[in-house]
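The values are calculated or read from the model by the stated rules, or taken from the named source; none is laboratory data. The structure displayed is predicted, hence computed values, not measured ones. Don't worry about glycine lacking a Cβ; one is built from the backbone with ideal geometry, like all the others, and counts go over all protein chains shown. Protein only, heavy atoms only, side chains kept; ligands, DNA and RNA dropped before computing areas. Shrake-Rupley method; radii C 1.70, N 1.55, O 1.52, S 1.80 Å.
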Amino acid sequence: MSAYWKANQRRLAPWLFLAPGLIMFAVYVIAPIFQSMWISFYDWDGLGEAKWIGTANYAELAGDPNMVTSFKNNIIWLALYMLSVPAGLLIAIFLNQTVRGIRLYKSLFFFPFVISQVVVGLIFSWFYAPGFGLLYKVIEFFTGTGVAILADPDLVTYGIIAAGLWPQIAYVMILYLTGLNNVAPDQVEAARLDGAKGWRMLWYVILPQLRPATFIAVVVTVIGALRSFDLVSIMTSGGPFGSSRVLSYYMYETALSEYGYRMGYGAAIAVVLFGIMMVFISGFIWKMWRDETER
Amino acid sequence: MVHRKAGALAIMAALLMSSSAIAQEKRILKYNADYDPIPLAAMEALIADFEAANPDIDVQLNNFDHEGYKTAIRNFLTADSPDLANWYAGNRMAPFVAAGQFMDVTDVWDANGLNEALGSAAASMTIDGKKWGVPYTYYQWGIYFNKDAYAAAGVEVPGPEGVDWATFVSNCEKFKAAGIDCLTTGTKALWPGAGIFDYMSLRTNGYEWHMDLTAGKIAWTDESVKKVFTELAKVQPYVTANHAAIDWQDAAALLVQGKAANYVMGNFAVGVFKEGGMTNDNLGFMAFPEITPGIPRSEDAPTDTIHIPSGATNVEDAKKFLAFVASADAQTKLNAAIGQLPTNKNSTVAADDPFITAGFKMLSEAHALAQFFDRDAPAEMAKAGMEGIQQFLVQPDQLDAILERLEQVRGQVYK
C-alpha cells in the first residue's frame, strides 16, 4: 500500500485534493441534470404515482403556444441584453480617467449591480406603475395619456429587459474597468506617436487588449439573459396573460407554482433550456480550450 | 466534585422523568396551519377552549407563512405528517384525496349531525360520496361600492337589494362620463378577474352550467360560453384600464379614493377599504345583478377547511377536534373574531356589521355555493382560464383565439 502510494503519489495527489469538489459537483449538479431528464418522461404531480409517458411531454411542448411566447421572449432577452456589452464599455472608457473623486463616481455607477435583483424589479415596477409611476407621469405629461408598460402585452418584455440592463451594464462596466487597468501604456504611447486617435485607437489598440474582458462580459451576459427569472417573477409574474414569460419562469410555473405541479412537463422545459444553454456554454468552452492550446 | 456530578445527574434524571410523565398525561395533537395574525389569534382562542374541554389533549399549532404553506403541505404530508392540516374545499383538495393523503372523515359528519348543520358546504367537501374534511369559515363575494362616487357621478345609490343588469350597465356609462371607473379590479395576480367571470357565468347560465364548465364537461368554444363573454363585453370598456399591472389592494385604493365606483370582491377586502378611511356610511354592498331572468341566485363563497392527513398518528383526538371546530358555538366565536361567516347554520353572526349580516343572509338564501374559479377548476385549467379572462378584459377582440386556446387546454387537463 505504502509502496503504491510512494510510486504514484504525484499522480494521485491532485485527484485527492479535487475529490471533495468533484463529489459535490457530481451529487448536486451532474446527477440532478440526469434526474431532470428522467422525470421529463413521466406524468407526475409530485405526490401520487409517476406514470411513464415517453416523449409525450416533448410532443406537447412542441404545440404549446406558451412555449412559443417564452422562447420568443428569451431570444429578445438574449439580443437586447447584449447591448450591455457596448454600453458597459462606453461607461468604462468614460470613467477611466484621473479626476478628483473618480473613485466615488465609479462606485456610484457600480451601485445598481450591488443591490439585489428583487429590489431592482420593485424599483422599476414603481417607475412604470400606472397612476403614480415616474415614467407613466412623464409620458402622460407629454402625450396626454399614460402608458402602463407592465400591462401592455407588446411592451412588457422590453420594460423588464430595461430593468435588467441597468445592473447588467454596471457589471460589464466593472469588468472593462479592470481590463482597462491592464492596457499597456507603452502600446498606447507608441500608437499615439504613429498618429492613432479616436475610433482607430479604440478599435486597433485598446479593444484587442480588452479581449479577455470582452469574452467574460459576453459569457456572463448570455447566461444572465437565459436565466432571467427574478425580474419576471417580481415585476409581472409572467403576465399580462403570460406575455412576458421566459423559459425559466415557465418552467417554474408549470412545475412549482401554485397552479403547477406538473413535474414532468416542467422538467421537459428545463431540459430544453439546458440544451439551449449547452449550445452557448460548449461554444465558450471550445473557445477557451482553443486559446489555451494555441499558447 | 464527583458528588456534585452525581447530584446534577439525579436532577437531570428527575427532570426527564417528570417531563415524560407530563407527556404521558397529555396526548399530543399536531396541527399544521397557515393563519394570518388575526385568524391565528382566533384559532388559538378556539384551541384554548378545546383544551379546556379536553384537558388530556395538548394541541400543538405549527403556523406557516400563508404562501409558503402551499408548497410545504406537499412535503409534510408525505414526510412528516401532522394530525391535522389546513386546506381548501372543492377541487383544490382533489389531488390530495386522489393521492390518498387525506383521511375519510364521513364518520365525524354522521356522528355529529354535520350533514345537516354544515349543509351549505357539504357538497364542496364531498368527493366519491365521502367527506374529506370539515369547513370552519367562508366569506361572501359580491359588489362593494363607494356611495360617494355614485353621488359624484349623479347616479342613484343602489339599495341593499341591488340593481338589475341593464341599470348597472347604463350606470357605467354615467360613471364613464364623470371620469370614474365603473368597475375596478387588479388582475396582476390573475384571480380577481376570475371573480368577475364567475359571476358572469353564474348569472348568465346558472350554477349547474358553471360547475359543468369548471369540471370540463362543456367545450370552451360552445355558444353558451360565448354568451357569458357577450355579457362581460358590455362592462369591459368600463373596467379600470391598467388592471393587468396592479394588485387587488391597488384597485381597492382606487375605490377608496372615489376614482372607481364598484368592485367585485370577497368580504376580506372590507378591512382594506376601512383602513383606507371608508366607513359603513359610504361603503356599500350588494349582490351581483341578475342577468338571465329566472336563474336561481348562486354565489361564490370560498371555504377554508381542516383535514386529517392519512399519516396522522393521533386520529381519535383529531376527529374530536374536527367535531369541536364544526360545532355552532366554536364557529360563532371564531368567525366573530376574524370577521367572516360561520359554515354552521346554527351559528350566529355579529348584528352590528352590515357586511357580515348581509353576507350571511345572502349565502343562506343562495341556491348553491361555488368555491371560486381556481378552486372549482383543476389547477392547470384555472391558470389558463384566468389568463384568458385577463386577456379578454384587455383585448376583447381576441375572444375566439382565447376560447380556442382554452379548449386546447381542456383537452389536455381532463383525460
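Descriptive notes on the structure:
- Shielding by partners, peptide A:237-245 (average Cβ within 10 angstrom, other chains): 6
- Check: chain B dipole with +1 on Lys, Arg Cβ and -1 on Asp, Glu Cβ, in debye: 640 debye
- Span-like helix check, chain A: qualifying full DSSP H segments, with Cα axial length of 30 Å or more and mean Kyte-Doolittle of -0.5 or more, are A:2-25, A:156-181, A:263-294.
- Cα-based Rg and Dmax for the stretch B:206-275, where Dmax is the largest Cα-Cα distance (Å): 15.8, 43
- Mean per-residue shielding of peptide B:387-399 is 3, counting Cβ atoms of other chains within 10 Å of each Cβ.
- Scanning residues 5 or more positions from B:Asp181 or on other chains, those with amide H under 5 Å from its amide H are B:Ala260, B:Ala261, with H placed 1.01 Å from N in the peptide plane.
- q = 0.23, 0.24, 0.32, 0.33 Å⁻¹: log10 I(q)/I(0) that the Debye formula gives for the stretch B:357-403, counting C-alpha atoms only: -0.79, -0.81, -1.06, -1.09
- Taken as Cα centroids, the stretch A:201-247 and the stretch B:374-415 sit 33 Å apart, rounded to the nearest whole angstrom.
- Charge tally for B:Ile295 (other residues, Cβ to Cβ under 11 Å; Lys, Arg +1; Asp, Glu -1): 0.
- Overall dimensions of the stretch A:119-213, expressed as equivalent-ellipsoid semi-axes from the Cα gyration tensor (√(5λ), whole Å, largest first), are 43, 15, 10.
- Ranking of A:Ser116, A:Ser125 by solvent-accessible surface, largest first: A:Ser116, A:Ser125 (1.4 Å probe, protein heavy atoms only, all chains present).
- Here is the P(r) of the stretch A:152-295: all C-alpha pair distances, binned every 10 Å from 0, give 10, 27, 28, 19, 12, 5, 1 in whole percents.
- What the Cβ-Cβ distance of A:Ala79 and B:Thr313 gives, at R0 = 51 Å and to the nearest 0.05, is a FRET efficiency of 0.35.
- Each peptide among A:218-229, A:197-208, A:19-30 gets the average number of other Cβ atoms lying within 10 Å of its residues, and from highest to lowest they stand as A:218-229, A:197-208, A:19-30.
- Between the listed residues A:Leu95, A:Phe25, A:Thr221, the Cα displaced farthest toward the positive end of the dipole of the protein assembly as shown, a dipole computed from Cβ unit charges relative to the Cα centre, is found at A:Leu95.
- Structure-based [θ]222 nm, chain B - -39500 (n - 2.57) summed over DSSP H runs of at least 4, per residue, nearest 500: -15500 deg cm²/dmol
- Theoretical gain in end-to-end length, A:Val29 to A:Phe215 [0.36 nm per residue, Cα-Cα removed]: 64.5 nm
- Note on A:Lys137: lysines with a C-alpha under 26 Å away, same-chain residues under 8 apart excluded, are B:Lys176, B:Lys188, B:Lys259.
- Calculated P(r) tail over 26 Å for the stretch A:1-139, as whole % of Cα pairs: 66 percent
- Cα centre as origin, Lys/Arg/Asp/Glu Cβ charges: the stretch A:44-294 dipole, Debye: 740 debye
- More than 32 Å apart - percent of Cα-Cα pairs taken over chain B: 41 percent
- Ordered from highest to lowest accessible area with the whole protein assembly present and a 1.4 Å probe, B:Leu399, A:Leu210 read as B:Leu399, A:Leu210.
- The coefficient of translational diffusion for the protein assembly as shown, derived via Stokes-Einstein from the alpha carbon Kirkwood radius under 4 °C and 1.567 mPa s, stands at 44 µm²/s.
- Sequence-distant residues sharing a close amide H with B:Thr303 (under 5 Å, placed H): B:Ala89
- Kirkwood Rh and Cα Rg combined as Rg over Rh, evaluated for the stretch A:44-294: 1.06
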